[in-house]
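To start, the structure itself, in structure tokens.
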Amino acid sequence: MLRVLFIGGTGIISSACAQVAVDAGIDLYVLNRGRSGQRPLPPGVTVLRADIREPPSVQSAIEDLEFDSVVNWVAFTPHQVRGDIELFRERTGQYVFISSASAYQTPPSRVPVTESTPLRNPFWRYSRDKIACEDALVAAYREDGFPATIVRPSHTYDKTLVPFDGGWTVLGRMRAGKPVIVHGDGTSLWTLTHHEDFARGFVPLLGHPRAIGEAFHITSDDVLTWNQIAEALAAAAGATARLVHVPSDAIAAADPEWGAGLLGDKAHSMVFDNAKLRSVVPGWRAVIPFERGAREIVAWYDEDPARQVTDARLDAVMDKLAAAYQL
């Protein structure tokens, strides 16, 4: 039986992976601060209370335990990764870093994107930090044999995550008959991956000897335009999508935070080749289309009206952009 440690474990992606890991018979430990209750851990998980940003508390929590795999779901800077290298160097047979597909060359010079696509994103600090984390791990593997595996999720969602900035704000606008902003002309291609599909591809990499020293992305092969994504959400919400197309640069000028995610990621067509993952996890494929995911998202918001919170500031930005660009 594999003994695996998740650092984090209640996030959108990690929660699904925790369930699949337990179902697969893995002896799963989860280390976190115990502050997130939105996605409860499955029965059978051993919970360790500690803050990964405070190594002494981690050492105290794990005592003399060793693991076949350690997965850090909440590492974002090279400083954090280097701390993990020191902490787990003698404690694990595999260290899995959760990077991001936004680290790939942006915009990509060719699609589909493979794991050998260069890493370069001059637009988004988040992505550059992930690249720096990968660089630290590659150096540790090359120089000292540190058993690193890098996994790059793309846009992975669950029932709580609307794929447009603003969350419920966008669904609320659809139901109110208000225009919804879609960047560009809405025809760029985007890959949305349901977290359950991701988990079924991820868990078999744990403890797998062919994953050591390697990088993998795990994404759906179900590719949609942003217009189709908006229309699927509107259909699930029982509404009609009134789409207003706005250049990404104009969105960035109106709201720099929204724009950073567009220019550094979503504005560019991203289609992925998952052949490398399938070579290690034979038979895996994503099976959940976004139309089903959209229905899950709407149902989650509808089952508790308290979740239907409009971001007033962003709603006003959307009104302003729609007034300027609708035909």
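Quick note: the coordinates plus some simple rules give every number you see, no bench work behind them. Everything quoted here is computed from the prediction, not taken from an experiment. Neighbour counts are summed over all protein chains in view; Cβ atoms, including those assigned to glycine, are modelled from backbone coordinates with ideal geometry.
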For the chain, built as a Gaussian network whose Cα springs stay under 10 Å, the top-fluctuating residue of E115, E134, E303
E303
How large is the dipole of segment 84-167 about the Cα centre if only Lys and Arg carry +1 and Asp and Glu carry -1, each at its Cβ, rounded to the nearest 20 debye?
300
Residue farthest toward the positive end of the dipole of segment 136-284, with Cβ of Lys/Arg at +1 and Asp/Glu at -1: which of F216, G261, A236?
A236
I need the calculated FRET efficiency for the pair V47 and A132, taking r as the beta carbon distance and R₀ as 30 Å, to the nearest 0.05.
0.45
Net charge near T310, counting Lys/Arg +1 and Asp/Glu -1 over other residues with Cβ under 12 Å of its Cβ?
+2
In whole Å, what is the distance between the alpha-carbon centres of segment 295-327 and segment 201-263?
17
Considering lysine pairs in the chain that are 8 or more places apart or on different chains, how many have Cα atoms under 30 Å apart?
11
Unit charges at the beta carbon, dipole of the chain: most positive-side option, F146, A24, Q59:
A24
Quick check on the exposure proxy: order K130, K320, K178 from fewest to most C-beta atoms within 10 angstrom.
K320, K178, K130
Backbone HN-Hα couplings from phi across segment 295-306 [Karplus 6.51/-1.76/1.60, Hz, Gly and Pro as x]:
5, 5, 4, 4, 4, 5, 5, 6, 6, 8, x, 5
Please give me the summed charge of the neighbours of L262: other residues whose Cβ is under 12 Å from its Cβ, Lys and Arg +1, Asp and Glu -1.
-4
Positive-end residue of S109, Y95, L137, charge dipole of segment 70-171 with Cβ unit charges:
S109
With +1 on each Lys and Arg Cβ and -1 on each Asp and Glu Cβ, how big is the dipole of segment 272-314 about its Cα centre, in debye rounded to the nearest 20?
320
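For the chain, what is the calculated [θ] at 222 nm in deg cm²/dmol (nearest 500), taking -39500 (n - 2.57) for each run of four or more DSSP H residues and dividing by its residue count?
Rounded to the nearest 500, the figure is -11500 deg cm²/dmol.
Just rank T240, T310, fewest to most, by other beta-carbon atoms within 10 angstrom.
On the way: T240 12, T310 16.
Result, fewest neighbours first: T240, T310.
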9 Å beta-carbon shell around W168, net charge (K/R +1, D/E -1):
0
For segment 144-266, state the average projected area of the convex hull of the C-alpha atoms over all orientations, rounded to one decimal in nm².
9.3
Cβ-placed point charges (K, R +1; D, E -1), dipole of the chain about Cα centre in debye, nearest 20
420
In whole angstrom, how long is each semi-axis of the equivalent ellipsoid of segment 222-327, when you take the square root of 5 times every eigenvalue of its Cα gyration tensor and sort them from largest down?
29, 21, 13
Does segment 1-73 come out rounded, prolate or oblate, given a ≥ b ≥ c as the square roots of the eigenvalues of its C-alpha gyration tensor, rounded meaning a/c under 1.5 and, failing that, prolate meaning a/b above b/c?
oblate
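Based only on other Cβ atoms within 10 Å, what is the fewest-to-most ordering of M318, M1?
With the sparsest Cβ surroundings first, the list reads M1, M318.
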